[in-house]
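Structure first, then comments.
The values are calculated or read from the model by the stated rules, or taken from the named source; none is laboratory data. Nothing here was measured: the structure is a model prediction, and the numbers come from that model. FYI the Cβ positions are ideal-geometry reconstructions off the backbone, even for glycines, and counts take in every protein chain you see. For the accessible areas, the whole protein counts, side chains as well, though only heavy atoms, and no ligand, DNA or RNA atoms are used. Shrake-Rupley method; radii C 1.70, N 1.55, O 1.52, S 1.80 Å.
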Amino acid sequence: MDDVVRPADPWSALRASTNARIGLGRSGDAMPLKAVLEFQAAHATARDAVHTPLDLDAVEAALHPLTTLRIKSSAPDRPTYLRRPDLGRRLDDEPSPGLEAADKGPDVVFVVADGLSATAVQMHAAPLVHACVERLQGLKIAPVVLASQARVALGDDVGERLGATLVAVLIGERPGLSVAESLGVYLTYEPRRGRRDSERNCISNIHGKGGLSYALAADKLVWLIREATRLKLTGVKLKDDVDALAPPAGAGEALPGT
Amino acid sequence: MILRCDLGGQRYAFPDLKRLMAAASPRRSGDELAGLAADTDAERVAARIVLADLPLDTFLREALVPYEDDEVTRLIVDGHDAEAFAAVSHLTVGGFRDWLLSHEADSDALSKLAPGLTPEMVAAVSKLMRNQDLIAVARKCRVVTAFRTTLGLPGRLGTRLQPNHPTDDLRGVAVSVLDGLLYGVGDAVIGINPATDNVPNAIALMEMLDGLRQQYDIPAQTCVLTHVTNAIEIMNRQAPVDLVFQSVAGSEAANRGFGVDLAVLKEAHDAALALKRGTVGQNVMYFETGQGAALSADAHHGVDQQTMETRAYAVARAYQPMIVNTVVGFIGPEYLYDGKQIIRAGLEDHFCGKLLGLPMGCDVCYTNHAEADQDDMDGLMTLLTTAGCTFLICVPGADDVMLNYQSLSFHDVLYLRSTLGVKAAPEFEAWLDRMGMVAPDGRIRELELKDPRISHMLAQAQLVA
């Protein structure tokens, strides 16, 4: 028993079971400087994910050859966006020629929204849209809508104006210190203003640090799209079934190139 | 009732009591989001001038949320103790502020008064108080509760050890518990927020935490913060429930949003009392609250968020809780925008809870989209400890890897112990001493994991599945 060789830092073996910041050591009563600076670096990355504007040209290029159009919410800037979620859920008052000119009545419209992490959208939105479109042959898909200062419910307004059957909003999730670039998808059947959150289905944690891969997220979303179309609804009644598609524990795969 | 004031050559009029209360509140994003905030700083002060002259018993005659529509209002009105209120019934809200700060209002007087106060009176007077007033009066309030430890004694600061894990991995949770214990944290509760909220998962976590508690022989209570209806089911299945947790808010509709009402809380309270698991006391409930909860459920009845928060304390006090905490910076910048607003709200919530007789603690915390950082948390934890806060929440390295927000670290408790001289609950402090973890000068020793005083605990943590 006692002849077991201990690793130099006995915490290192324990760290395999959690990503919590355990065993940091002490400088007097305080956190050692190394841990303080690592924490500050993670916080800075998370804050930058919230505050860096989405590079719309780069997302558009990554979505090529799919066509795109751009819209803005009623929140004119980030500080207002953070204080007033209601403004982030509404289109601004400017006319949207792109939305007006687009073909009406698509089966699905993808809305790529900055949300609380532009970093997540920058990294993951275009590959996920491509993966979904490949799997949705035969459906009428609207141009991809790129939305700035946007909350999930902005998709209702967009979907209603396009007369879409379904809207899928790909949005940056609230960043944490360990993952600042997590993407979520919210699917809503017959989008129109005033839809409640209980009328949507959500796939969250799409990222490259042990989160859902593009392929798995796209499989789930396409399954939801087909079931929603068949049942003519989204929301809680669809919720239980989708879990059947969840991967077995530990099967999370890393995303390529992230 | 005429609610108006002339200030700086301008007349300010307030249509009713709830608009007056909202306008008198310090500026905060949640009241602005609700369209209730004062338009200018001058209007804010005008509202305070009007509020200061309002008789305190106005709140007994005029409900901000109608009695007929709301069981929380009925709880407040029907449970009001007129005899206890008599000590201050002749005062205005401003006069009440002065009385609270007087030397006559000592710990005994404040304890006797608590059942005579309504949340609306307490919220109103807090709007006339600066941060130092909130600290000075809260510090005089004495609220003592007990289960396996005794909380709220003078010179003590309790802590919740929060060992959250993104997938509820039992070994990962146990390792975080061990880390916290080595800093002397966990006397208020060792309490985990489950990543997956269902009965079997909660039972697995409870059995693991209870096993660790017994193996280490820690005088502490554990809690899995699952929904109260799950806790009732879990108690029916004879699993080891120490404290029953629930988030609560200040209106019937907001509580419905949490899936609870007063009846189900009573059912859970009765069931937990029947288990008789406490050794030095039988306070068995743990409640969390937070400014913005009612508004986010669209259940605020046009009342400002701080007053709605204080009404949640009336719900909590009906069940003699062991601990209550505000999750002050957790709900997001649309309710409390920055460090300044979070700090003010934390002090308000602690003061209001204490004055109503609650064992009030705080999750000193913020999210990454709020304008706040660890410097703001340093300020708030120091202020709250000075104010005699019952307990603070701590996570490894201040980073909650499951809920994705920042709270306090275990190190912060060492800082508060040495800087402000506070200690853990007496039963828990004695355990730390028995374990050889306290140095003669009262500091928590920095021990290597292989130190024989603690190495057996590590062995237990590794045994966990």
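Brief remarks follow.
- Considering the conditions (1) within 20 Å of B:MET121 (Cα to Cα); (2) touching a residue at least 60 places away in the same chain (Cβ under 8 Å), B:PHE14 is excluded by exactly one of them, (2).
- You will find that of B:GLY211, B:GLY250, B:GLY172, B:GLY186, the residue that is within 14 Å of chain A (Cβ to nearest Cβ) and outside any strand (DSSP E or B) is B:GLY172 and no other.
- All of (1) in contact with a helix residue (DSSP H, G or I) (Cβ under 8 Å, 6 or more places away or on another chain); (2) among the hydroxyl-bearing types (Ser, Thr, Tyr); (3) within 14 Å of chain A (Cβ to nearest Cβ); (4) more than 30 Å from A:PRO53 (Cα to Cα) hold for B:SER418 with one exception: (1).
- Count of the stretch A:116-141 residues which are more than 30 Å from B:TYR405 (Cα to Cα), out of contact with any Phe, Trp or Tyr (no Cβ under 7 Å at 6 or more places or on another chain) and open to solvent by 10 Å² or more (accessible area, probe 1.4 Å): 9
- Filter result (outside any loop (DSSP other than H, G, I, E, B) and touching a residue at least 40 places away in the same chain (Cβ under 8 Å)) within the stretch A:65-79: A:THR68, A:LEU69, A:ARG70, A:ILE71, A:LYS72, A:SER73, A:ARG78
A quick yes/no check of all residues on (1) within 24 Å of the chain's Cα centre (by Cα); (2) not in a loop (DSSP other than H, G, I, E, B):
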{"site": "B:MET1", "(1), (2)": "no, no"}
{"site": "B:CYS5", "(1), (2)": "no, yes"}
{"site": "B:ARG11", "(1), (2)": "no, yes"}
{"site": "B:PRO15", "(1), (2)": "no, no"}
{"site": "B:LEU20", "(1), (2)": "no, yes"}
{"site": "B:ARG27", "(1), (2)": "yes, no"}
{"site": "B:ASP31", "(1), (2)": "yes, yes"}
{"site": "B:ALA37", "(1), (2)": "no, no"}
{"site": "B:ALA42", "(1), (2)": "no, yes"}
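- Any hit, the stretch B:436-450, residues being away from every other protein chain (no Cβ under 11 Å), basic (Lys, Arg) and more than 28 Å from B:GLU348 (Cβ to Cβ): no
- Subset tally (residues that are outside any strand (DSSP E or B) and open to solvent by less than 10 Å² (accessible area, probe 1.4 Å)) for the stretch A:147-163: 8
- Residue match in the stretch B:320-334 (condition: within 14 Å of chain A (Cβ to nearest Cβ) and β-branched (Val, Ile, Thr)): yes
- Filtered residues of the stretch B:288-309 (kept if open to solvent by 20 Å² or more (accessible area, probe 1.4 Å) and not in a loop (DSSP other than H, G, I, E, B)): B:GLU288, B:LEU295, B:SER296
- Just one residue in the set A:ALA46, A:ALA62, A:ALA20 is in contact (Cβ under 8 Å) with a residue 24 or more places away in the chain and either part of a loop (DSSP other than H, G, I, E, B) or within 11 Å of chain B (Cβ to nearest Cβ) (or both); that residue is A:ALA46.
- Residues within the stretch A:19-52 that are within 12 Å of A:SER178 (Cα to Cα) and either open to solvent by less than 50 Å² (accessible area, probe 1.4 Å) or in contact with a Ser or Thr (Cβ under 9 Å, 6 or more places away or on another chain) (or both), tallied: 9
- Residue among B:VAL364, B:VAL280 that alone is assigned to a loop (DSSP other than H, G, I, E, B), closer than 22 Å to B:GLY186 by Cα and open to solvent by 10 Å² or more (accessible area, probe 1.4 Å): B:VAL280
- Of the residues screened, B:ALA136 is one that is open to solvent by 40 Å² or more (accessible area, probe 1.4 Å) and not in a loop (DSSP other than H, G, I, E, B).
- B:ASP270 open to solvent by 20 Å² or more (accessible area, probe 1.4 Å), touching a Ser or Thr at 6+ places or on another chain (Cβ under 6 Å) and either modelled with pLDDT under 95 or under 22 Å from B:ARG317 (Cβ atoms) (or both): no
- Taking the stretch B:68-92 as the range and being surrounded by 13 or more Cβ atoms within 10 Å (Cβ to Cβ) and in a loop (DSSP other than H, G, I, E, B) as the test, the residues that pass are B:ASP70, B:HIS80, B:ASP81, B:ALA87, B:VAL88, B:SER89, B:LEU91.
- Restricting the stretch A:80-103 to residues that are more than 14 Å from chain B (Cβ to nearest Cβ) and in a helix (DSSP H, G or I), the residue that is farthest from B:THR367 (Cα to Cα) is A:ALA101.
- Of the set (1) farther than 25 Å from A:ARG78 by Cα; (2) assigned to a loop (DSSP other than H, G, I, E, B), all apply to B:PHE330 but (1).
- With respect to the conditions (1) open to solvent by 20 Å² or more (accessible area, probe 1.4 Å); (2) over 30 Å from B:SER296 (Cα atoms); (3) aliphatic (A, V, I, L, M), B:LEU33 falls short on a single one, namely (2).
- Residue selection: B:THR150 fails the criterion of being of a type outside the set (A, V, I, L, M), facing another protein chain (nearest Cβ under 9 Å), touching a residue at least 24 places away in the same chain (Cβ under 8 Å) and surrounded by fewer than 24 Cβ atoms within 10 Å (Cβ to Cβ).
Conditions tested, residue by residue: (1) modelled with pLDDT of 95 or more; (2) over 30 Å from B:LEU33 (Cα atoms); (3) more than 21 Å from the chain's Cα centre (by Cα).
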site: B:LEU205; (1), (2), (3): yes, yes, yes
site: B:GLN215; (1), (2), (3): no, yes, yes
site: B:PRO219; (1), (2), (3): yes, yes, yes
site: B:CYS223; (1), (2), (3): yes, yes, no
site: B:ILE234; (1), (2), (3): yes, yes, yes
site: B:PRO240; (1), (2), (3): yes, yes, yes
site: B:VAL248; (1), (2), (3): yes, no, no
site: B:SER251; (1), (2), (3): yes, no, no
